[in-house]
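In what follows, a single structure is set out as structure tokens and then discussed.
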């Protein structure tokens, strides 16, 4: 076209990024890329290999080695060998290495950006302006974390060897999110990039030596799901960190159950975008572009579910469609492309398959008219309106450039619709009324909330999900907890309190007037659903009484009551919750002698020990009453004009299998943090010695505890554990019971990916500070990051 | 680069003579709709974010860039608004307006003659400019209504418009009373602009909002709407005399107001950013903004102008670079 013609048309014309250097680098590779183990690339003779392709053209970019079990083993061993020395270095020495990695990423920014676009299909603009700078930023932030670790995280030590499995949507950025905090805290890693997108990770591996990463501290294994499975199953791994699909996250929860491996999961989402009628609608439209038509919608936190106020919905959809008409879809290497190629034909088929279902569900499908390239793997930006909540398109993660839309009438209805999802990763709120936006934000089941914005990320701000979007946080000080543990020797092994064999003659411990010990559900004493009791004996076999034998329906009723109570309890200010905890302590103190007698009878402990347990319980209630109004969040220094707030929010409904060996103090140690931090709870007390807990019901009844916030279901823990841990409306399950229960709980927790916190057959001195520390606070709260940008 | 051969390929695509096939009817205005004004929002942070990503989202390179820069020249209101303006200075400017690019460069680019969008002066220079531009089709725009502060008596301001129109100005750049915006007195603003528009008669009216003195983007959005309701043919950011003049965020807000007004009434209103736009890169950014937010139609001089004095010089240097492959120098291009 001539300049004169261009003068009339004023089209953008092609603006291709130069990929020749990256392609030359790939072409120079002789044979398949090797595996990065122990600080060098290793070719594996006879290994299976596979191709990685450019989704924009279908061209093969390179051949990649499939790491098998032997290579996984070699990498884990290399990491194990290197980890001790790495952990022993000064924080400053690790900081220098991480700083060098940040600089090297910046120096090779163009190569990395082009590789990312070639391998993944994402627009070069996004790789260049977002992925690579954020990856470098992550290493800078964590260089600082390493530098400050000794001073700011006293008593924390590295976990050891971390297995890290990352997805194909942000290959280098997810690598940075995994490797930077792990290395900063003194761990060694074995990382597996996604099989679709291994190139930037291999390029990064090549930079590690130059940055001074000791051999073996970073190992990179390419391969498909089999490699990931072998890594997760390897006994030499201390922790698995995974970002990817909810289905695979669930598998990882199951295969690691009971092994003692730490696990963090960052999974899928169906994140809502709530647009109020008083929003700047044009900016909200642009927010959707940033939120959903970013990386082709292949983003775990993509704002893929529009919830717009009914009165402006039509206007908003019109504006949205007008904007969608200007989206440019095409060659991801073109600098003026908004939406690039879908990562793989299989993914495009999946998107198309889901969208095909829309018409049958009453949905209206609108595709942006953008011309698609004739070859390559592309999908048009799409808006679907008119679907009911029950449509799979409203519920399932599509992981493509497809937006679904619903309308609401009131803020309460917006919250209800937003939370009508199994996921809980992110959310956007658009409103010019600060009171509305800040009211709605903490009501949303979302680990990250953006007010009048979308997809804001920074290494200083924690990121992660609720519900089936996973658990654990990445970024900020909070993210460092996921790569450290308490210093000191492991907790002592639990010596389980065993039920004695009942003697045939009734002992003198039995009550003068026969007592019926019931459950405590919804603020009332409840008879066991099964209509059965079980005998409770002293250690010498004397029968002391009978306790209700709970079953799955009792658990169901208790969870229902807990769910009903939780919102109201969480809405009380911390001061109000503290008052209740103090009142419980007051009433317990008034009956201290009776409780001491009961504990002595149940446990056979000395009177002094029993009295100490009661005194410790009162002390613990004071501790948590103290914390109720002091569990502040943090304000994050993020590079926006505004704030990112890391709020501490209650987890929700906590189910706890309380320690067998401390019948009262163990129960109080679970109840205290749960209640103080705004949760409701279902407590399964010591199965062998539940009568201290059932006595405690009377204390609860006289302490103004709102009905349903504390529920107690008695029975043998092994019988109740699967029902409690498997209940889909329980948000977290704690287990301090017998060793085998930990595996049971972690396994059952995979169902709704509830947070599980289990003791693996170890115990703690329940009278010591270890039984009321930060572990309990963290288990009872979720970090929710709320981004509040501003501007007059 | 070899300009001699680059343009030897015969034209295949038909020229898009948009301005001719789709003429803009003048905006008659409408009754003041206070509900609409009150419902208008502008979120500063999100708007800044959009502007920050815009330049990165669109890129115009090579021949397309040359064409866009030539178009930018056709969109310039070549301006002199100095206390020391004289007829000689204005005539020199008008000569530059008629021939803004060296003929050899145009020939190398395969382009016919082009001229700027208009020449913009104070009233006292209108007659000189009209005479100097006779027969060229280049309109003369006069800044008016007590420019730049707009605080002269209303009768004086109206008379100033009429006098400039009588002197041959085809376009009148009026300034609004900022206090009406700052006090939220939309009725007063509407009445003022309506009166200016009536005084303009057949001359097109550009309403200068002086956005640098309006305090918030929300005020800019609301003032834009009211000016259009009152019958502005163009809305314009700045006089060039405020501490902050044309910025991309302000321009984005005004462009979106124009889009909303068009969607609601069917009337197309033009946009003129003015002040501080001095580089070819700036010009491309603004044109991309217009193309993205309002579409191709808003890149013609009847709907888009740059108020600028030094922009042309930078574009000339860029064009020479495009033709020769070497960076140019200011003295290689005749001054205006």
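The values are calculated or read from the model by the stated rules, or taken from the named source; none is laboratory data. Keep in mind it's a predicted model, so treat the numbers as computed, not measured. A quick note on method: Cβ atoms are made from the backbone with ideal geometry, for glycine too, and the neighbour counts reach across all protein chains shown.
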message: Condition (residue is within 14 Å of another protein chain (Cβ to nearest Cβ), outside any helix (DSSP H, G or I) and buried (at least 18 other Cβ atoms within 10 Å of the Cβ)) applied to the stretch A:47-54: is it met by at least one residue?
response: no
- request: State which residue is nearest to residue A:762 (Cα to Cα) when the search covers only the stretch A:217-230 and only residues that are crowded, with 24+ Cβ neighbours inside 10 Å and touching a helix residue (DSSP H, G or I) at 6+ places or on another chain (Cβ under 6 Å).
  value: A:217
field: Hits in the stretch B:38-65 (condition: closer than 17 Å to residue A:293 by Cα, over 22 Å from the mean Cα position of the chain (by Cα) and either buried (at least 18 other Cβ atoms within 10 Å of the Cβ) or facing chain A (nearest Cβ under 7 Å) (or both))
entry: B:46, B:49, B:56, B:57
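Let's see how each residue does on (1) surrounded by 22 or more Cβ atoms within 10 Å (Cβ to Cβ); (2) over 25 Å from residue B:174 (Cα atoms); (3) at pLDDT 95 or above:
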| position | (1), (2), (3) |
| --- | --- |
| B:277 | yes, no, yes |
| B:307 | yes, no, yes |
| B:311 | yes, no, yes |
| B:315 | yes, yes, yes |
| B:321 | no, yes, yes |
| B:333 | no, yes, yes |
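Taking residue A:64 as the residue in question, decide whether it is assigned to a strand (DSSP E or B) and either farther than 28 Å from residue A:149 by Cβ or touching a strand residue (DSSP E or B) at 6+ places or on another chain (Cβ under 9 Å) (or both). Working first, answer last.
Details: assigned to a strand (DSSP E or B): yes; either farther than 28 Å from residue A:149 by Cβ or touching a strand residue (DSSP E or B) at 6+ places or on another chain (Cβ under 9 Å) (or both): yes.
Considered against the rule, which asks whether it is assigned to a strand (DSSP E or B) and either farther than 28 Å from residue A:149 by Cβ or touching a strand residue (DSSP E or B) at 6+ places or on another chain (Cβ under 9 Å) (or both), residue A:64 comes out as yes.
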message: Tell me whether the stretch A:148-169 contains one or more residues that are closer than 30 Å to residue A:15 by Cα, in contact (Cβ under 8 Å) with a residue 12 or more places away in the chain and touching a strand residue (DSSP E or B) at 6+ places or on another chain (Cβ under 8 Å).
response: yes
task: Could you please tell me which pairs satisfy a Cβ distance under 8 Å, a separation of 6+ or placement on different chains, a first residue in the stretch A:279-297 that is facing chain B (nearest Cβ under 10 Å) and within 17 Å of residue B:56 (Cβ to Cβ), and a second residue that is in a helix (DSSP H, G or I) and modelled with pLDDT under 95?
output: A:290/B:53
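Going through the stretch A:602-619 one residue at a time, which ones are in contact with a helix residue (DSSP H, G or I) (Cβ under 8 Å, 6 or more places away or on another chain) and assigned to a helix (DSSP H, G or I)?
In the first step, residues of the stretch A:602-619 are kept if they are in contact with a helix residue (DSSP H, G or I) (Cβ under 8 Å, 6 or more places away or on another chain); the result is A:602-603, A:605-607, A:609-611, A:613-618.
Result: A:602, A:603, A:607, A:609, A:610, A:611, A:613, A:614, A:615, A:616, A:617, A:618.
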task: Just need a number here: residues in the stretch A:1-41 that are assigned to a strand (DSSP E or B) and either within 14 Å of chain B (Cβ to nearest Cβ) or without any contact (Cβ under 8 Å) to a residue 12 or more places away in the chain (or both).
output: 1
query: Taking the condition on the phi < 0 side of the Ramachandran plot, within 14 Å of another protein chain (Cβ to nearest Cβ) and modelled with pLDDT of 95 or more, does residue A:656 pass?
result: no
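Here's the yes/no breakdown for (1) surrounded by 18 or more Cβ atoms within 10 Å (Cβ to Cβ); (2) modelled with pLDDT under 95; (3) away from chain B (no Cβ under 13 Å); (4) not in a helix (DSSP H, G or I):
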position: A:319; (1), (2), (3), (4): yes, no, no, no
position: A:323; (1), (2), (3), (4): yes, no, no, no
position: A:337; (1), (2), (3), (4): yes, no, no, yes
position: A:342; (1), (2), (3), (4): yes, no, yes, yes
position: A:348; (1), (2), (3), (4): yes, no, yes, no
Flag if residue A:714 is in contact with a strand residue (DSSP E or B) (Cβ under 7 Å, 6 or more places away or on another chain), buried (at least 22 other Cβ atoms within 10 Å of the Cβ) and in a loop (DSSP other than H, G, I, E, B): yes
message: I'd like to check which strands (runs of 3 or more DSSP E) are fully inside the stretch A:424-515 and have at least 3 residues that are surrounded by 16 or more Cβ atoms within 10 Å (Cβ to Cβ).
response: A:426-430, A:448-451
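So which residues in the stretch A:391-410 are assigned to a loop (DSSP other than H, G, I, E, B) and in contact (Cβ under 8 Å) with a residue 12 or more places away in the chain, if there are any at all?
Step one: filter the stretch A:391-410 for residues assigned to a loop (DSSP other than H, G, I, E, B), giving A:391, A:396-401, A:409-410.
Within the stretch A:391-410, A:391, A:396, A:397, A:398, A:399, A:400, A:401, A:409 qualify.
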- request: Within the stretch A:188-228, work out how many residues are within 20 Å of the chain's Cα centre (by Cα) and farther than 21 Å from residue A:51 by Cα.
  value: 1
message: I'd like to check something: does the stretch B:20-37 contain any residue that is at pLDDT below 95, within 19 Å of residue B:262 (Cβ to Cβ), more than 10 Å from chain A (Cβ to nearest Cβ) and not in a loop (DSSP other than H, G, I, E, B)?
response: yes
task: Could you tell me whether residue B:244 is outside any helix (DSSP H, G or I), within 14 Å of chain A (Cβ to nearest Cβ) and touching a helix residue (DSSP H, G or I) at 6+ places or on another chain (Cβ under 6 Å)?
output: yes
statement: Restricting attention to the stretch B:66-105, the residues that are assigned to a helix (DSSP H, G or I), in contact with a strand residue (DSSP E or B) (Cβ under 9 Å, 6 or more places away or on another chain) and away from chain A (no Cβ under 11 Å) number exactly 5
- request: Answer with yes or no whether residue A:129 is surrounded by fewer than 24 Cβ atoms within 10 Å (Cβ to Cβ) and under 22 Å from residue A:299 (Cα atoms).
  value: yes
- request: Starting from the stretch B:319-336, keep only residues that are touching a residue at least 24 places away in the same chain (Cβ under 8 Å), then list their pairs with residues that are surrounded by fewer than 11 Cβ atoms within 10 Å (Cβ to Cβ) whose Cβ atoms are within a distance under 9 Å, requiring at least 6 positions of separation or different chains.
  value: B:320/B:326; B:320/B:327; B:320/B:329
message: Need a quick list: helices (runs of 4 or more DSSP H) entirely within the stretch B:133-213 having at least 3 residues that are crowded, with 24+ Cβ neighbours inside 10 Å and in contact with a helix residue (DSSP H, G or I) (Cβ under 8 Å, 6 or more places away or on another chain).
response: B:186-200
- request: Output the residues belonging to the stretch A:555-601 that are exposed (fewer than 15 other Cβ atoms within 10 Å of the Cβ) and assigned to a loop (DSSP other than H, G, I, E, B).
  value: A:573
- prompt: Would you say residue B:53 is over 24 Å from residue B:287 (Cβ atoms) and without any contact (Cβ under 8 Å) to a residue 12 or more places away in the chain?
  reply: no
